[in-house]
Amino acid sequence: MNHANSLKFYVGGQWVDPLSPDRMGVENPATEEIVCEVALGNEADADRAVMAARAAFAGWTVRPVAERIAVLTRVLEVYNDRYEDFAQAMSVEMGAPIEWARGAQAWAGQVHIEATIKAAENFHWEEMRGTTRIIREGVGVCTLITPWNWPMNQIACKVAPALVAGCTMVLKPSEIAPLSGLLFAEVCHAAGVPPGVFNLINGTGAGVGGRLTSHPEVDMVSFTGSTRAGTAVAAAAAPTVKRVAQELGGKSPNIILPSADLAAAVKAGVEGCFGNTGQSCDAPTRMFVHRDQHDQALVHAKEAADAVVIGDTQDSSTTMGPLVSKMQFDKVQALIQAGIDEGATLVAGGIGRPAGVNRGWYVRPTVFGNVTNDMTIAREEIFGPVLSIIPYDTVDEAVAAANDTPYGLAAYVAGPVEEARAVARRLRAGMVNLNYPAWDTFAPFGGYKQSGNGREYADWGIHDFCEVKGVVGWGE
């Protein structure tokens, strides 16, 4: 894989040498090998990128919507040309099994750009309310900070709507998984995105991230990451009254109703929890099953856990790769131990690496039964393949326990559709999935409570990057 631009930043339409001398190795978590180095920026790098975005804003935001959509359409075309490069990059930087990297990680970037284009073509950019003209226009210069767990999903969900809304931007991908972000900058350059409209610098959250979120020339911050980091972003943005959109942590409940097909619902729930090695903020990590069905549910869950194929991430038969880093590995190990120590029933998995694995940050797919909602594993976001199965006596009790969390990103319900719909209305979450539906890139994605604010995907994302102007007295 070509890492020609790994020691450069993309600013003002060209690849530039960083002002900071700092470097960081990029590790393949499947092998623990350093595959290349990336540059880490400093405040001066952040300032240069922001000012490039500021200089480009006035010209870009007045470009007709059709022209902005045309630029994003070219981005999609070039992205598709380099699709396999994206899959390989994410397999290397975050340890995604190659078929998952192709079918989920690279695919997510593609379909979100497609959804944004379609939404932009149908968006109400201007409308009349009586004699007042309502105009939606770009909010300004935007800082976009994206995580390592779904690199292109989150980059596409921010860059695409910001671009068509008429914003200019500075993207800071996660320094842990930066290769796909650098590739995306190459795509934007090849697609002819005007200089300064899209800029990319790498760096740490504390260094570059802090400057980008507090910079007086930045009008909006869109951040995806942990709730802890999200509160720091909001505090840094507050003195200049920036708009802040956040997609943060989750501890999503999955209520399996007594009338559901238990075997199918449990199997799908385990697979949902374990997808992406459990490193998804909306993963269904708390499975609620009726007490009378609890022991049978454990049997089905163990079967699903045992069916996971752990191995070489370049092998098409592998279904689960490693966690992204030693830090994540250590965190997940400690939480599995907490589940054991607090008396949950270990059904599958446990401490240590899987059998036969002696390198890479691989963990054992783990299922706990007889979990209570006050246990550490039911409260904390684990970000690994660890499922907590919690018995309940009544659906009312299950709903109350499902909502008993500081998070509210996603929720899941399995059972007959009318019953499931009724439960969905009672769940305090931004997205409720009934009977494991297909991914809907036009649904609003975002959280209640400490899971964030704002919504992403399609027109929901475009709306968040727009200011609303009322021109009163416009006339008929």
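Annotations
- Filtered residues of region 2-34 (kept if among the hydrophobic types (A, V, I, L, M, F, W, C), more than 26 Å from MET327 (Cα to Cα) and in a loop (DSSP other than H, G, I, E, B)): ALA4, LEU19
- Test: residue in region 75-86 that is of a type in the set (A, V, I, L, M, F, W, C), assigned by TED's automatic domain parsing to the domain that holds VAL38 and in contact with a Pro (Cβ under 8 Å, 6 or more places away or on another chain): no
- Any hit, region 234-245, residues being out of contact with any helix residue (DSSP H, G or I) (no Cβ under 6 Å at 6 or more places or on another chain) and closer than 30 Å to VAL399 by Cβ: yes
- Of the criteria (1) closer than 24 Å to GLN296 by Cα; (2) free of Cβ contacts under 8 Å to residues at least 60 places away in the same chain, which one ARG428 fails: (1)
- Within region 103-134, restricting attention to residues that are among the β-branched types (Val, Ile, Thr) and more than 17 Å from LYS158 (Cα to Cα), the residue that is farthest from the chain's Cα centre (by Cα) is THR131.
- Among the residues of region 105-139, those identified as crowded, with 19+ Cβ neighbours inside 10 Å and part of a loop (DSSP other than H, G, I, E, B) are PHE123, VAL139.
- Residue within region 400-412 that is crowded, with 20+ Cβ neighbours inside 10 Å, in contact with a helix residue (DSSP H, G or I) (Cβ under 8 Å, 6 or more places away or on another chain), farther than 14 Å from GLY250 by Cα and touching a residue at least 12 places away in the same chain (Cβ under 8 Å) present: no
- Among residues of region 64-89 that are under 13 Å from ARG102 (Cβ atoms), those with a beta-carbon under 6 Å from a residue that is buried (at least 16 other Cβ atoms within 10 Å of the Cβ) and of a type in the set (Ser, Thr, Tyr) at least six positions away or on a different chain give the pairs PHE86/SER180; ALA89/SER180.
- Apart from one condition, ALA234 fits all of (1) surrounded by fewer than 24 Cβ atoms within 10 Å (Cβ to Cβ); (2) at positive phi; the exception is (2).
- Residues located in region 140-190, provided they are part of a strand (DSSP E or B) and touching a Cys at 6+ places or on another chain (Cβ under 6 Å): CYS142, MET169
- Residues satisfying the stated conditions in region 36-86, i.e. under 14 Å from ALA162 (Cβ atoms) and out of contact with any Asp or Glu (no Cβ under 7 Å at 6 or more places or on another chain): ALA53, ALA56, PHE57, TRP60, ARG63, VAL65, ARG68, VAL71, LEU72, VAL75
- In region 353-372, the residues that are assigned to a loop (DSSP other than H, G, I, E, B), among the small types (Gly, Ala, Ser) and modelled with pLDDT of 95 or more: GLY360
- Matching option when the condition is assigned by TED's automatic domain parsing to the domain that holds VAL197, in contact with a Ser or Thr (Cβ under 9 Å, 6 or more places away or on another chain), at pLDDT 95 or above and over 21 Å from ALA106 (Cβ atoms), among LEU40, LEU72: LEU40
- Listed by position, the strands (runs of 3 or more DSSP E) inside region 241-308 whose residues that are surrounded by 21 or more Cβ atoms within 10 Å (Cβ to Cβ) and over 18 Å from the mean Cα position of the chain (by Cα) number at least 3 are 252-256, 284-290.
Yes or no, residue by residue, for (1) under 25 Å from ASP440 (Cα atoms); (2) in contact with a Leu (Cβ under 8 Å, 6 or more places away or on another chain); (3) β-branched (Val, Ile, Thr); (4) assigned by TED's automatic domain parsing to the domain that holds VAL38:
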residue: ILE98; (1), (2), (3), (4): yes, no, yes, yes
residue: VAL111; (1), (2), (3), (4): yes, no, yes, yes
residue: GLY140; (1), (2), (3), (4): no, no, no, yes
residue: LEU144; (1), (2), (3), (4): yes, yes, no, yes
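- Test: PRO216 is assigned to a loop (DSSP other than H, G, I, E, B) and either in contact with a helix residue (DSSP H, G or I) (Cβ under 6 Å, 6 or more places away or on another chain) or free of Cβ contacts under 8 Å to residues at least 12 places away in the same chain (or both): yes
- One residue from ARG353, ARG359 being touching a residue at least 40 places away in the same chain (Cβ under 8 Å) and either out of contact with any Leu (no Cβ under 8 Å at 6 or more places or on another chain) or not hydrophobic (A, V, I, L, M, F, W, C) (or both): ARG359
- Contact annotation: residue pairs with Cβ atoms under 6 Å, 6 or more positions apart or on different chains, pairing a residue in region 155-180 that is assigned by TED's automatic domain parsing to the domain that holds ALA53 and among the polar types (S, T, N, Q) with a partner that is in a loop (DSSP other than H, G, I, E, B) and at pLDDT 95 or above, are THR168/VAL197; SER174/PRO147; SER174/TRP148.
The values are calculated or read from the model by the stated rules, or taken from the named source; none is laboratory data. As the structure is a computational prediction, the values presented were derived from the model and not from experiment. Positions of Cβ are backbone-derived with ideal geometry, glycine not excepted, and every protein chain shown enters the neighbour counts.
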